[in-house]
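For reference, the structure discussed in these notes is given below.
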Amino acid sequence: MTKFLHTLGFVLAAATLSAPLAAAAKPRLTGEEQLAKALEGRVAGKPVNCINPAFYSSTRVYDKTAIVYDAGRTLYVQRPRNGAESLDQNVVLVTNIRGSQLCNVDIVRLLDRANFFFRGYVGLGEFVPYTRPAKVALLD
C-alpha cells in the first residue's frame, strides 16, 4: 500500500507540474493559417507582375505558403509558382533583381539562417496586393 501511495503521489506531482506546460504549449498555426490571420480585414486586389523594391519595407515568410512584402498600406502576397515547400522561418531570402523591379519571372534563393548553406529556391508568381477597405463615413 505504501508503494502504491508513493507512486500515486509521484504521478499527481508530475501531473501538477506539467499542467502549466501543457497549457502553455498551444498548437502552432500552419503557414496558411498565419497568413490568413495577417490578411484579416484586407481585400485582395488585381494581381500584378512586378513590384518596386523601393516601396516595400520588409518581408515575411510563411511556412510552406508565401512571402509577404510589406509596402505600408499594402501587403503584396507572393505565392511562388514552385519551391514553396522550402519556405520557413529559418531561411533568408537572397534576391537578385534584374532591372528596377522584382517580377513574377524572378527566382529567389533560400539561404539557411543557421548554417548559411543554400537550401533551395522559389520561382515567383504574381503578386497579389491586399489593402484595407476605405472606411465610409456615415452621414446623419
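How many angstrom separate the Cα center of segment 110-132 from the Cα center of segment 49-73?
Answer, in whole Å: 10.
Quick check on segment 31-131: take the gyration tensor over C-alpha atoms, sort the square-rooted eigenvalues as a ≥ b ≥ c, and tell me if it's rounded (a/c under 1.5), prolate or oblate.
oblate
If the cut-off is a Cα-Cα distance under 18 Å, which aspartates and glutamates reach residue 64, setting aside same-chain residues fewer than 8 apart in sequence?
Cross-link targets: 32, 33, 85, 88, 112, 126.
Which ³J(HN,Hα) values, rounded to whole Hz and listed in residue order, are derived for segment 27-36 from phi using the Karplus coefficients 6.51, -1.76 and 1.60 in 6.51 cos²θ - 1.76 cosθ + 1.60 with θ = phi - 60°, glycine and proline given as x?
x, 6, 6, 6, x, 5, 5, 5, 5, 4
Every number in this text was worked out from the coordinates using simple rules, so none of it is lab data. Note that the structure is a prediction, hence the values are computed from the model and not measured.
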